[in-house]
Amino acid sequence: MQQSDPFWASPVDHLAKVRPDVPTFYACPAVLQSVAREFIDGFDGLVTYAVKANADPLVLANLSAAGVTAFDVASPYEIDLVRANCPHAALHYHNPVRSRSEIAAGVAAGVASWSVDCDVELSKLLDILPPHSEIAVRFKMSVSGAAYDFGEKFGAPADMAVHLLRRVAAAGHRASMTFHPGTQCADPVAWVSYILGAADIAQRAGVHIQRLNVGGGFPAWRNGQRPALGAIFEAIKSTAKAAFPYRVDLVCEPGRAMVAEAFSLAVQVKSRRAGALYLNDGTYGALAELPVVRGFDRVHVVAPDGTPKTGPTTTFAAFGPTCDSLDRLSDRLTLPCSTAEEDYLIFDGFGAYSVVTATRFNGYGASDAVLVQNL
């Protein structure tokens, strides 16, 4: 993603004057820093940013400027990226599957916290980590409320979590716990259930944990509104205080909720056919997640001169620009009937899992980033 330095007033202002022919991200640093401060001020613990959501140096620099001091990384690449842009930040390597060389890279970079969810991965850590490292046991539960469940891939069942906690403590490391309630989780009850589950596992293991990482999953815009984070923060704080008879420090690792609202994405209509639009970005680019979890209620259309398209609407099929028939975004994109070739579709709330998903398949996937004062 190539960044344009001058600030523009708004995405429409830039589109009307420049008329870009590549997908264009509009980044608003003021929104990014405001959301970061909302987490820092509202969450009763350490806020770490999940780099995977958007690893652009612009994001890292603005979060650091807003007061974020710790980052959740999932690979040596992300470790190097954070070290290059925020050299003094704390690193939490909470992707629970790593090769031995990746663990060694994390140790060399001074990773402050690790997660684990099975015996095999714990044995790797115990072989390589320095004494008294923090190891957080990641567990899973059947809890509803998210767009999709991360427990299908990661997390130890309760009995295994008890076993792992005991192994961590017996090895002399600092035992902690972590979980992830699932993507776009808007229900505070999910965090309540997980925190109570963590307390039960720790009690069964006979281990006093030092920290509880309540994961990411904090919602951005969903079902037509941005859920109130305050209710989730309060539920986490009060439940943790009641569940543990000793002090447990809290950690969270928001990704999507931290960056989504700070970016909009403009894509151009390459062609209109009967009932279908062909766009200059698709599932191999920044729109990869659109068919999976995003709603279609936050897209508007402007003409090349910036004039909003309004009036009666119809439903389009939408395709990306590549020659692959799988590059299909939707068959239910409701837009003005007047939507035409060279118009721009502006997707709001597109800062997460967009920049980072783009490939260069068929030579597409390049994008620009433009700084704006307002979205």
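For segment 1-57, filtering for residues that are closer than 25 Å to residue 241 by Cα and of a type in the set (D, E, K, R) leaves 4. Taken residue by residue, segment 274-285 has at least one member that is within 25 Å of residue 316 (Cα to Cα), of a type in the set (Asp, Glu) and not in a helix (DSSP H, G or I). Inspect segment 271-281 for any residue being at positive phi and exposed (fewer than 15 other Cβ atoms within 10 Å of the Cβ) and give the result as yes or no. Yes: one or more hits.
Scanning segment 204-211 turns up at least one residue that is over 26 Å from residue 39 (Cα atoms) and part of a helix (DSSP H, G or I). The residue that is surrounded by the most Cβ atoms within 10 Å (Cβ to Cβ), among those in segment 95-110 that are of a type outside the set (A, V, I, L, M, F, W, C), assigned to a helix (DSSP H, G or I) and in contact with a Phe, Trp or Tyr (Cβ under 9 Å, 6 or more places away or on another chain), is 106. Working only within segment 71-88, note down all residues that are in contact with a His (Cβ under 8 Å, 6 or more places away or on another chain) and free of Cβ contacts under 8 Å to residues at least 60 places away in the same chain. The answer is 71, 73, 74. Is at least one residue of segment 145-152 modelled with pLDDT under 95, among the aliphatic types (A, V, I, L, M), within 23 Å of residue 43 (Cα to Cα) and buried (at least 19 other Cβ atoms within 10 Å of the Cβ)? Yes, segment 145-152 has at least one match.
When segment 48-74 is filtered for residues that are under 15 Å from the mean Cα position of the chain (by Cα) and of a type in the set (S, T, N, Q), the ones remaining, listed by number, are 48, 54.
Return the residue satisfying two criteria in turn: it lies in segment 266-310 and is farther than 16 Å from residue 341 by Cα and among the acidic types (Asp, Glu), and of such residues it is modelled with the lowest pLDDT. By that ranking, first place goes to 297.
Condition check ((1) assigned by TED's automatic domain parsing to the domain that holds residue 69; (2) hydroxyl-bearing (Ser, Thr, Tyr); (3) in contact with a strand residue (DSSP E or B) (Cβ under 6 Å, 6 or more places away or on another chain); (4) not in a loop (DSSP other than H, G, I, E, B)) across all residues:
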residue: 202; (1), (2), (3), (4): yes, no, no, yes
residue: 215; (1), (2), (3), (4): yes, no, no, no
residue: 219; (1), (2), (3), (4): yes, no, no, no
residue: 231; (1), (2), (3), (4): yes, no, no, yes
residue: 235; (1), (2), (3), (4): yes, no, no, yes
residue: 239; (1), (2), (3), (4): yes, yes, no, yes
residue: 246; (1), (2), (3), (4): yes, yes, no, no
residue: 254; (1), (2), (3), (4): yes, no, no, no
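Take the conditions (1) modelled with pLDDT of 90 or more; (2) closer than 21 Å to residue 9 by Cβ; residue 313 misses just one of them, which is (2). Taken over segment 357-375, residues that are not in a loop (DSSP other than H, G, I, E, B) and not aromatic (Phe, Trp, Tyr) amount to 8. Within segment 337-368, if we keep just the residues that are of a type in the set (A, V, I, L, M) and modelled with pLDDT of 90 or more, the residue that is nearest to residue 216 (Cα to Cα) turns out to be 352.
Could you look through segment 256-273, keep only residues that are of a type outside the set (Lys, Arg) and part of a strand (DSSP E or B), and pick out the one that is nearest to the chain's Cα centre (by Cα)?
Going through segment 256-273, the residues of a type outside the set (Lys, Arg) turn out to be 257-269, 271.
Imposing the further condition that a residue be part of a strand (DSSP E or B) reduces the set to 263-269, 271.
Working: 263: 13, 264: 15, 265: 16, 266: 20, 267: 21, 268: 25, 269: 27, 271: 32 Å.
Going through the qualifying residues, I end up with 263.
Restrict the check to segment 70-85 and report whether at least one residue is crowded, with 18+ Cβ neighbours inside 10 Å and among the polar types (S, T, N, Q). Yes; the residues of segment 70-85 include at least one that is crowded, with 18+ Cβ neighbours inside 10 Å and among the polar types (S, T, N, Q). Would you pick out the residues in segment 213-239 that are among the aliphatic types (A, V, I, L, M), in contact (Cβ under 8 Å) with a residue 60 or more places away in the chain and farther than 22 Å from residue 351 by Cβ? Selection gives 236 alone.
Filter segment 209-245 for residues that are surrounded by 22 or more Cβ atoms within 10 Å (Cβ to Cβ) and more than 20 Å from the chain's Cα centre (by Cα); which is nearest to residue 196 (Cα to Cα)? Full working, then the answer.
So the first thing to find is which residues in segment 209-245 are surrounded by 22 or more Cβ atoms within 10 Å (Cβ to Cβ), and the list is 209, 212-220, 232-233, 236, 240.
From what's left, more than 20 Å from the chain's Cα centre (by Cα): 209, 240.
Values: 209: 14, 240: 8 Å.
The selected residue is 240.
Scanning segment 52-94 for residues that are out of contact with any Leu (no Cβ under 7 Å at 6 or more places or on another chain), within 23 Å of residue 130 (Cα to Cα), not in a helix (DSSP H, G or I) and not β-branched (Val, Ile, Thr) returns 72, 74, 75, 87, 88, 89, 90, 91, 92, 93, 94.
The values are calculated or read from the model by the stated rules, or taken from the named source; none is laboratory data. Note that the structure is predicted; figures quoted are calculated from it, not measured. In this analysis, Cβ positions are derived from the backbone assuming ideal geometry, glycine residues included, and neighbour counts consider all displayed protein chains.
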